[in-house]
Structure formats: C-alpha cells, structure tokens
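As structure tokens, the structure follows; a few thoughts come after it.
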Amino acid sequence: MEVVAQLDDVPENGTLKVAAGGENLLLVRSPMGIFAIENMCSHAYQELDGGKVRKVFIFCPMHGVRFDMRDGCPSGKLTDKSIKVWHVEVHGKDIRVDFSRRLDKGA
C-alpha cells in the first residue's frame, strides 16, 4: 500500500487529484468514507474532479453521468463502461491505496 495523501488534504464532500502508482487518481471524501477512483469519465473522457459527490456516487461535471465509487459502475444510458476503483485505507491521517487491488467491475 502506498501513502498518497493526508486525510486533512481531502475536503468533506470533496475531491483531491493525486498522481501516484502510475495513475491519475481522484481521492473522494464523502460521509460514506474515502474512495480512490480514476479521475476520468468513461463517457466523455472528462476529469471527474469538480463533480458533485453524493454518498457513494460522483457525478461527471460535463454530462452528469453518475458513477458508484464502490465498484466504478455507471448509471444511465451514456456509458456502460466502469471507471477504475482501488482499495483504500486510512491509517491515522495517512490515506493509503493498494494499486494491486482493484475493486471495479473491469478489474
């Protein structure tokens, strides 16, 4: 597992872009926890950074495609392609991502 950020760096109901493990990650903090997802909409190839966060979902800021951050699955008719999701743990204030453990349906 790789430490990619500190918990205080990710705002409540917000996001933080991180380049780590050879990936462009988006760390997302919601009341449901911390998620480590691919920072790219599988429909419009738009960064998901800046999208609205609602519980376990993030919405693409361009077309509103909704992705479940637990498994990367989209909702709606614009795309059926999942985004990448990695296992994440918080130890103290360290946010750690396991790049060898993908949770998305495309893994």
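The values are calculated or read from the model by the stated rules, or taken from the named source; none is laboratory data. Since the structure is predicted, the reported quantities are computational estimates derived from the model, not experimental observations. Ideal geometry is used to build each Cβ from the backbone, glycine not excepted, and the neighbour counts take in all protein chains shown.
Scanning segment 1-15 for residues that are closer than 14 Å to VAL97 by Cα and either assigned to a strand (DSSP E or B) or among the basic types (Lys, Arg) (or both) returns GLU2, VAL3, VAL4, ALA5, GLN6.
Could you run through segment 38-57 and say how many residues are under 22 Å from PRO11 (Cβ atoms) and without any contact (Cβ under 8 Å) to a residue 40 or more places away in the chain? Selection size over segment 38-57: 12.
Entry remark, segment 55-65: residues being out of contact with any Leu (no Cβ under 8 Å at 6 or more places or on another chain) and at pLDDT 95 or above number 4 in total.
One residue is enough: does segment 15-22 have a residue meeting the conditions over 12 Å from the mean Cα position of the chain (by Cα) and surrounded by 14 or more Cβ atoms within 10 Å (Cβ to Cβ)? Yes, because at least one residue in segment 15-22 is over 12 Å from the mean Cα position of the chain (by Cα) and surrounded by 14 or more Cβ atoms within 10 Å (Cβ to Cβ). The set of residues from segment 73-102 being surrounded by 19 or more Cβ atoms within 10 Å (Cβ to Cβ), of a type in the set (A, V, I, L, M) and either out of contact with any Pro (no Cβ under 9 Å at 6 or more places or on another chain) or not in a loop (DSSP other than H, G, I, E, B) (or both) comprises VAL85, VAL88, ILE95, VAL97. Among the listed residues SER42, SER100, SER82, which satisfies the condition of being in contact with an Asp or Glu (Cβ under 6 Å, 6 or more places away or on another chain) and of a type in the set (S, T, N, Q)? Going through SER42, SER100, SER82 in turn, just one is in contact with an Asp or Glu (Cβ under 6 Å, 6 or more places away or on another chain) and of a type in the set (S, T, N, Q): SER82. Condition test on VAL97, is it within 16 Å of LEU16 (Cα to Cα), out of contact with any Lys or Arg (no Cβ under 6 Å at 6 or more places or on another chain) and of a type in the set (Val, Ile, Thr)? So VAL97 passes the test.
Summed over segment 50-72, residues that are surrounded by 18 or more Cβ atoms within 10 Å (Cβ to Cβ) and part of a loop (DSSP other than H, G, I, E, B) total 5. Here segment 30-45 is the region considered, the condition is being assigned to a loop (DSSP other than H, G, I, E, B) and either of a type outside the set (S, T, N, Q) or out of contact with any Pro (no Cβ under 7 Å at 6 or more places or on another chain) (or both), and the residue that is farthest from GLY106 (Cα to Cα) is PRO31.
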